[in-house]
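The values are calculated or read from the model by the stated rules, or taken from the named source; none is laboratory data. Because the structure is predicted, anything quoted here is derived from the model rather than measured. So basically every Cβ, Gly included, is an ideal-geometry build from the backbone, and we count neighbours across all protein chains shown. Just the protein is used for accessible areas: all its heavy atoms, side chains included, with ligands, DNA and RNA removed. Shrake-Rupley method; radii C 1.70, N 1.55, O 1.52, S 1.80 Å.
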Amino acid sequence: MATAAVLAPHDVPTILNYYTPIGTEEPYQYVLDPPEGKAPNNLGSEPHEVVVQDARGRENEFSLDQNGFQFVNWPSKEKEFDDEERIKEVYYPEVEEILRTVAGAKKVFIFDHTIRRKPEENGKPGPTNRGPVERVHIDQTYKASVERVKYHLPEEADRLLKGRVRIINVWRPIHHPVAHKPLAVSDWRYLDQNDLVPVQFIYPHRTGSTYSVRYNPQHKWWHLSGQTPDEVTLIKCYDSEADRARLTPHSAFADASSPKEAPHRESIEVRALVFDTE
């Protein structure tokens, strides 16, 4: 691991948890409670030392099509994110505007969002209120991304799938700058497709799929130090166009230099299908 002596002020030496198999069954994960006698998942965790570089002051060097992620300053009218209906009525339109302005979207369909807070401070974790995910992953596989279009927009799917389709997550801190468990994103250009491991993502009513990620020392990791609620990270999880960045591994990570008294991370991520045609 690189030492503090050679690090820039906010580059962070840390541990990221990569995929390793458990048993011989195909990788799977249940979204809610598994059937009786079945483990919630069979995803092993293989910790590796990495350095997460700081993009602060270099934000304009990164773009969705080159790196698979992008940092954008975009203050929100919504500040609390404690009311589901208000999130949908006030914040969803802001997310659509971000994606139209920054990503050039012609049509946006938001299919869900997740609030992340420290679980013990907010009751039992659930599908829209969970703690940070400290495992390298990508929210959708290529196949699952296409199936999401068919699932959410069945009457328009055939037409929309003839054009460019993306899935982009819009990730924003809530209430205060991020100190504990910030978000790391990995540069597409240093990713080998063999690093990607499809995982069945089992809902009560259907089965999708996500990617876990095998360790590769070539991976390049970035974060935005002290990211504020006025700043969003755009995370590409799928792009139908193959001549540019198509997806971005990401994970929460521990920063030992964070002040212990700093509040725990709170964030919202909104997931959207993004189309280049109406």
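Numbers at a glance
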| quantity | calculated |
| --- | --- |
| Accessible surface of the chain, 1.4 Å probe, proportion on carbon and sulfur as whole % | 50 |
| Per residue convex hull volume, Cα atoms of the range 121-278, in Å³ | 137 |
| For q = 0.11, 0.16, 0.25 Å⁻¹, Debye-computed log10 I/I(0) when each Cα of the range 201-278 counts as one equal scatterer | -0.47, -0.96, -1.45 |
| Loop sites in the range 157-236: chymotrypsin sites (Phe, Trp or Tyr not before Pro), DSSP, at most 10 other Cβ within 10 Å | none |
| Per residue accessible area of the chain, 1.4 Å probe, in Å² | 48 |
| Estimated D of the range 41-85 in µm² per second, where Rh is the Kirkwood radius over Cα pairs and Stokes-Einstein applies at 4 °C, 1.567 mPa s | 87 |
| Hydrodynamic radius of the chain per Kirkwood, over alpha carbon pairs, in Å | 19.3 |
| The range 29-111: GluC sites (Glu not before Pro) falling in loop per DSSP and having at most 16 other Cβ within 10 Å | 36, 80 |
| Convex hull of Cα atoms in the range 126-176, direction-averaged projection (nm²) | 5.4 |
| Pairs from 118/220; 107/143; 38/220; 88/150; 107/181 whose Cα-Cα separation, in the structure shown, is over 31 Å | 38/220; 107/181 |
| Centre separation in Å (Cα based) which lies between the range 13-61 and the range 169-198 | 12 |
| Top of 139, 33, 192 by mean-square fluctuation, Gaussian network on the chain, Cα under 10 Å | 33 |
| Kirkwood hydrodynamic radius (C-alpha pairs) into Stokes-Einstein, the range 15-166, 10 °C and 1.306 mPa s, D in µm²/s | 83 |
| Convex hull volume per residue for the range 149-191, taking Cα atoms only, in Å³ | 150 |
| Estimated vicinal HN-Hα couplings, Hz - the range 215-230 in sequence order (Karplus 6.51, -1.76, 1.60; Gly, Pro = x) | 5, 9, x, 7, 4, 10, 10, 9, 9, 10, 4, x, 3, 9, x, 8 |
